[in-house]
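Student: Quick one: structure below, then a few questions.
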């Protein structure tokens, strides 16, 4: 099965939302600068809804064989699409679909100035599309190609990014709502970092206290710092919230400051999670080899694709670490998670606001039923199939270049 075409397709559409989509944003590394401290622009992916509708502009990569079988992956931004079109597409043409290790290695070696960030995203989306294509050729779901399912269902935790975290009555209402939907755990996002001083710190502490009192002591709660804090601030935060027994504290510092994670880990029993913004097995191994994290959160669309997730999983299990993929309720993350031991991948992250956005153009969206994601037994490939009814406009980009 030979690859003879690689296309990039832009789909635009409108998604209906209830009220304002992004009620608030999370703390960000840019918050140290006043001009960004209250702006959605500090997080490039946040596009606000208008009049109950969200304008969507998603790009997918489509890899096609000489027999017209196609593999699909996305959505990605225009920067990533540009890298695929200009630097990676030529590597795929003429290659055997099943030569994923060869293709991955050649893409990685070509991107000599791109071993992190969006160049690795480009590799990731191509790799996921190839796994989708292999599944379609073999008429099998991808989890079977990865070794088969270890369980029939996996608990999902509700990741509450985008909800208001300052109005405690509203926080209480949302927390109880998602508990009633069957979610056995929730992750909330701190609004403030060190630049907001004691006022912001106390608001963060109030969020944790309110959630624990609302949901009770038998409910799992996690909190995300989104790489926006420093060591003294995190230690002050930990000292105040440890009595509320968080399951983990996530991305306490920027991901290349691994020594900061070590300093924090030495002074707390709260498990530390992270590495979603690090890339490839070599990047993740920097955390693992130094014992800096308890929970690894690589993302199949960011870290190098499903092929790289397999290698990262081998590192994690070798060191007896938990591996819960970031945004694991995407199709690629679900198939990967079902192929893993529940001892090491016990949960899937379901980003309550993001998942419907990222899967808007998919016919078969990943759903949570009473707190669980069920095995996609009837899926062929990854199940990323475009719903034509949701497309307002479709455009092949870079096709004539």
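Any read-out appearing in this document is the output of simple, stated calculations on the displayed coordinates, not a laboratory observation. Just so it is clear, the model here is predicted, and its values are computed rather than measured. So basically every Cβ, Gly included, is an ideal-geometry build from the backbone, and we count neighbours across all protein chains shown.
Student: With a cut-off of 8 Å between alpha carbons and a minimum separation of six or more residues, what is the relative contact order of the range 144-374 in percent?
Tutor: The value is 23 percent.
Student: Something else now. How far, in degrees from 0 to 90, does helix 231-241 lean away from the longest principal axis of the Cα atoms of the chain, to the nearest 10?
Tutor: Relative to the chain, helix 231-241 is tipped by roughly 70 degrees.
Student: Starting from the Cα gyration tensor of the range 234-352, take the square roots of the eigenvalues, sort them a ≥ b ≥ c, and report rounded, prolate or oblate (rounded when a/c is under 1.5, otherwise prolate if a/b is larger than b/c, else oblate).
Tutor: Since a/c reaches 1.5 and a/b is larger than b/c, the shape of the range 234-352 is classed as prolate.
Student: Could you give the nm distance between label points at residue 140 and residue 310, where each point is 7 Å from its Cα heading toward the beta carbon?
Tutor: 1.1
Student: How long is the gain from residue 398 to residue 115 if the chain were fully straight, where each residue apart is worth 0.36 nm and the alpha carbon distance is subtracted?
Tutor: Contour length minus Cα-Cα distance gives 99.5 nm.
Student: What angle, in degrees between 0 and 90 and rounded to the nearest 10, separates the Cα long axis of helix 100-110 from the longest principal axis of the Cα atoms of the chain?
Tutor: Once rounded, one gets 70 degrees.
Student: If you don't mind, another one. Report the calculated FRET efficiency for residue 43 and residue 67 (r = Cβ-Cβ distance, R0 = 60 Å), to the nearest 0.05.
Tutor: Efficiency at R0 = 60 Å is approximately 0.90.
Student: Using the C-alpha atoms of the range 36-129, what convex hull volume per residue, in cubic angstrom, is computed?
Tutor: It comes to 118 Å³ per residue, whole-number rounded.
Student: Mind checking the log10 I(q)/I(0) for the range 127-202 at q = 0.19 Å⁻¹? Debye, one equal scatterer per Cα, no solvent, two decimals.
Tutor: The calculated log intensity ratios at q = 0.19 Å⁻¹ are -0.85.
Student: Write down the radius of gyration of the range 161-241 and its Dmax, each obtained from C-alpha positions, in Å.
Tutor: When restricted to the Cα atoms of the range 161-241, Rg and Dmax are 12.6, 37 Å.
Student: Also, I was wondering about something else. Assuming 0.36 nm per residue, please report the length gained on full extension of the stretch residue 218 to residue 282 beyond their Cα-Cα distance.
Tutor: Working: separation 64, 0.36 × 64 = 23.04 nm, distance 3.71 nm.
Full extension of this stretch gives 19.3 nm more.
Student: Determine by what factor the alpha-carbon radius of gyration of the chain differs from 2.2 N^0.38 Å, reporting the quotient.
Tutor: 0.96
Student: So if I take the centroid of the Cα atoms in the range 190-215 and the same for the range 159-181, what is the distance between those two points in Å?
Tutor: Measuring centre to centre over Cα atoms gives 14 Å.
Student: How big is the gap, in Å, between the Cα center of the range 9-42 and the Cα center of the range 285-359?
Tutor: So the two Cα centres are separated by 25 Å.
Student: A follow-up question, please. For the range 258-401, what does the relative contact order come out to in percent, with C-alpha contacts under 8 Å and a separation of six or more?
Tutor: 16
Student: Please give the helix 306-318 orientation as an angle from the longest Cα principal axis of the chain, in degrees from 0 to 90, rounded to the nearest 10.
Tutor: That helix lies at roughly 50 degrees to the long axis.
Student: Using label points projected 7 Å from each Cα along Cα→Cβ, tell me how many nm separate residue 101 and residue 2, to one decimal.
Tutor: With each label point 7 Å from Cα toward Cβ, the separation is 2.3 nm.
Student: As a check on your grasp of the helix formula, calculate [θ] at 222 nm for the chain: sum -39500 (n - 2.57) over DSSP H runs of n ≥ 4, divide by the residue count, round to the nearest 500. Each step should come with its number before you reach the end.
Tutor: Numbers: 13 runs with 133 residues, N = 401.
It lands at -10000 deg cm²/dmol.
Student: Using alpha carbons only, what's the Rg to Rh ratio of the range 203-258 with Rh from Kirkwood?
Tutor: For the range 203-258, the value is 0.99.
Student: With contacts defined as alpha carbon pairs under 8 Å and 6 or more residues apart, what's the relative contact order of the chain in percent?
Tutor: Value for the chain: 22 percent.
Student: To continue, here is another question. Based on the alpha-carbon gyration tensor of the range 144-374 and its eigenvalue square roots a ≥ b ≥ c, which shape applies: rounded if a/c is under 1.5, prolate if not and a/b is larger than b/c, or oblate?
Tutor: oblate
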